[in-house]
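Please treat every number below as a calculation from the coordinates, not as lab data. Here the structure is a predicted model, which is why all the values come from computation and not from measurement. Cβ atoms come from the backbone with ideal geometry, glycine included; neighbour counts cover every protein chain shown.
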Amino acid sequence: MSEAILLLSGPNLDQLGSRSPEIYGTMTLDEHVRRFRERAEKSGYSVEDRQSNFEGDLIEAVRDARGTFAAIVLNAGALTHTSWALADALANFEGIKIEVHISNPAAREPFRHVSTLAGVVDGSIAGFGAESYDVAFDAVVALHERA
């Protein structure tokens, strides 16, 4: 297994920076990806990033990651709360899986309090803004070193 991380971003995350900055901050998705990639590369990891507004694209990305990536860091956006199909795909991925959120879904609207993904990922990071991605990367490294 390589030391590669797949960084997946779900629906509407391509609008970060302009979408609800009071909740998500002003950083764009490209800026989040760039920070994550720089940090990973300093630690010897490579990063491939994908964003899609379509559930099936994310499911196929998870499927195609099998045997190629050591880890998936996923911000599924609203699909976190609705996608059993994405949960099934993640359950079939043998590597490290970290769910990440910029905001804290548990402190928001009631429909965001449930994660269909929580039961199939190694851990969930939420509510730390841009630093959520930093914490997710640290979790990947810690879990990868244990393996």
Query raised in the report: In what sequence do Phe93, Phe137, Phe128 fall when counting other Cβ within 10 Å, fewest first?
Result: Phe128, Phe93, Phe137
Query raised in the report: Under a point-charge model restricted to the Cβ atoms of Lys and Arg (+1) and Asp and Glu (-1), what is the dipole moment magnitude of the chain relative to its Cα centre, in debye to the nearest 20?
Result: 160 debye
Query - Long-range HN-HN contacts of Ile125 with modeled amide H, under 5 Å - result: Glu99, Val100, His101
Query raised in the report: Over the chain, what is the relative contact order in whole percent, taking alpha-carbon pairs under 8 Å and six or more residues apart?
Result: 26 percent
**Report entry** Dipole magnitude of region 18-76, debye to nearest 20 (Cβ charges: Lys/Arg +1, Asp/Glu -1, about Cα centre)
**Finding:** 220 debye
Report task. Mind giving me the nanometre distance, one decimal, between the label points for Glu145 and Glu60, set 7 Å out from Cα along Cα→Cβ? Result -> 3.8 nm
Query - Selection from Ala147, His32, Gly123 lying farthest towards where the dipole of the chain points positive, charges on Cβ - result: Gly123
Query raised in the report: If only Cα atoms are counted, what is the Rg of the chain, and what is its Dmax, in Å?
Result: 13.9, 40
Requested in this report: Take Arg35, Arg66 and order them by how many other Cβ atoms sit within 10 Å, fewest up front.
Outcome: Arg66, Arg35
Report task. Under a 10 Å cutoff between Cα atoms, tell me which one of Ile72, Ile59, Ile98 has the largest fluctuation in the Gaussian network model of the chain. Result -> Ile59
